[in-house]
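The values are calculated or read from the model by the stated rules, or taken from the named source; none is laboratory data. Computed from a predicted structure; not experimentally measured. As a convention, Cβ positions derive from the backbone with ideal geometry for all residues, glycine included, and neighbour counts pool all protein chains shown. We work out accessible area using only protein heavy atoms, side chains counted, and drop any ligands, DNA or RNA first. Shrake-Rupley method; radii C 1.70, N 1.55, O 1.52, S 1.80 Å.
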Amino acid sequence: MSISALQQQFESHVDELRKLQQSYSKLVDSRTQFETQLNENKLVQEELRLVDSEGSVYKLVGPALVKQDLPEAKSHVDKRIGFITTELDRLDKAMKEYDEKMNTLRGTVMKLQNQLMQQQASAKA
Amino acid sequence: MAQAPATSSNGKPIPSQEEMSLLAMPLGQLQTFAKQMDEEVRFLIQSLSQLHQAVKRFEESRDSLAQLGDAKEGSDLLVPLTSSLYVPGTLANAGKVMVDIGADYYVERSVKDASAFFSRRIAFLMDNIEKLQKTIGTKRANLNSLQDIIDRKTQYQQQQMQQAAAAQGKGVRASS
């Protein structure tokens, strides 16, 4: 293979790797967000458990506090936690796939780089 | 080495057994690694200060409740509309307050229960602060030993280069 073809191949792989890394960091960001939400909702779940049956629960909807039924609020929070957990699982799986893809690509890039360096060296000689 | 619980998704504490394999790694890679660890430590320190701020906010709320606890129903007060504008009012429903428990949920609680809530949150945060401080300590120690390895390697490479230069200088001509 000619040096320029090799160079081109190398660059396109590097580009692809960079794109993967960008999407990966987006996944990491949303994972952090979901994790924060999960922690917050778990704390809320814990607090709602401590509210006795005649205690009043309100939810902030826009600027207004709207009164909520306690069992309903509890089940909402439980559902929310369930949803976040599934999302986290999904993200973890996606991240693992990305990890594998990036590792393979990294190997290819390294191999191409070596080939390129060898060819360049032998072209000079 | 005692490992602090991993709090960050990419936190990889280095066991000391790996020090040997670290010595074998190329210098550039080690430096990249050190930079990553440094960034991570900075991020954790930032989180720590955020936790401290949160504790302060909860403490302020708890202190306000302590003041409110003595107030009787019907007592006069000034309600802040903005930070510089107040309107007169009277305290109604003195024993109850509305507490933001997170995720847009608010619960009506007695002053005593609300105070207990803030104490719980503060204890929770303090617990996390302690854990985070331990993690930062471990990571700092790891970073220091990594920096140590980098320094030693750099020194060794410089020595080698000097020796090579000296050997070459003797063979060909005197080099500065």
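Results, tabulated for the structure shown:
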| read-out | value |
| --- | --- |
| Loss of accessible area when B meets A, both sides summed, Å² nearest 100, probe 1.4 Å | 1600 Å² |
| Positions from segment B:98-136 whose accessible area shrinks by 20 Å² or more when the full protein complex is built, not the chain alone, probe 1.4 Å | B:Met98, B:Ile101, B:Ala103, B:Asp104, B:Tyr105, B:Tyr106, B:Val107, B:Glu108, B:Arg109, B:Arg120, B:Arg121, B:Phe124 |
| Surrounding net charge for B:Asp38, when Lys and Arg each add one and Asp and Glu each subtract one, Cβ distance under 12 Å | +2 |
| Signed unit charges on C-beta, dipole axis of chain A, positive-most listed residue A:Leu17, A:Val66, A:Gln113 | A:Gln113 |
| Chain B: Lys pairs at Cα distance under 19 angstrom, eight or more positions apart or on different chains | 11 |
| Chain B, accessible surface, carbon-and-sulfur percent (1.4 angstrom probe) | 53 percent |
| Value of D in µm² per second that Stokes-Einstein yields for chain A, Kirkwood Rh from Cα pairs, at 4 °C (1.567 mPa s) | 69 µm²/s |
| Degrees, to the nearest 10: B:27-68 long Cα axis against longest axis of chain B | 10 degrees |
| Chain A, helix-only ellipticity at 222 nm - DSSP H runs n ≥ 4, -39,500 (n - 2.57), divided by all residues, nearest 500 | -31000 deg cm²/dmol |
| Accessible area (Å², per residue) of segment B:37-165, counting only protein heavy atoms and a probe of 1.4 Å | 64 Å² |
| Taking segment A:3-124 and dividing mean pair separation by its residue count, relative contact order in percent (alpha carbons under 8 Å, at least six apart) | 42 percent |
| Å² of accessible area per residue within segment A:3-124, as computed with a 1.4 Å probe and no ligands counted | 67 Å² |
| Global size of the protein assembly as shown as Cα Rg and Dmax, reported in angstrom | 29.6, 100 |
| Occluded residues from segment A:48-96, i.e. those whose accessible area drops by 30 Å² or more once the chain is not alone (1.4 Å probe) | A:Leu50, A:Val51, A:Ser56, A:Tyr58, A:Lys59, A:Leu60, A:Leu65 |
| Portion, in percent, of the accessible area of segment A:3-124 that falls on carbon or sulfur, probe 1.4 Å | 52 percent |
| Burial order of peptide ranges A:80-89, B:132-141, B:161-170, A:21-30 (average beta-carbon count within 10 Å, highest first) | B:132-141, A:80-89, A:21-30, B:161-170 |
| In Hz, Karplus ³J(HN,Hα) per residue of segment A:23-40 (6.51, -1.76, 1.60; θ = phi - 60°; x = Gly, Pro) | 5, 4, 5, 5, 4, 4, 4, 5, 5, 4, 4, 5, 4, 4, 4, 4, 4, 4 |
| ³J(HN,Hα) computed for each position of segment A:65-76 - Karplus, 6.51 cos²θ - 1.76 cosθ + 1.60, integer Hz, glycine/proline x | 8, 10, 5, 10, 6, 4, x, 5, 4, 4, 5, 4 |
| Lysine pair number, Cα distance threshold 15 Å (strictly under), segment A:3-124, separation 8 or more or different chains | 8 |
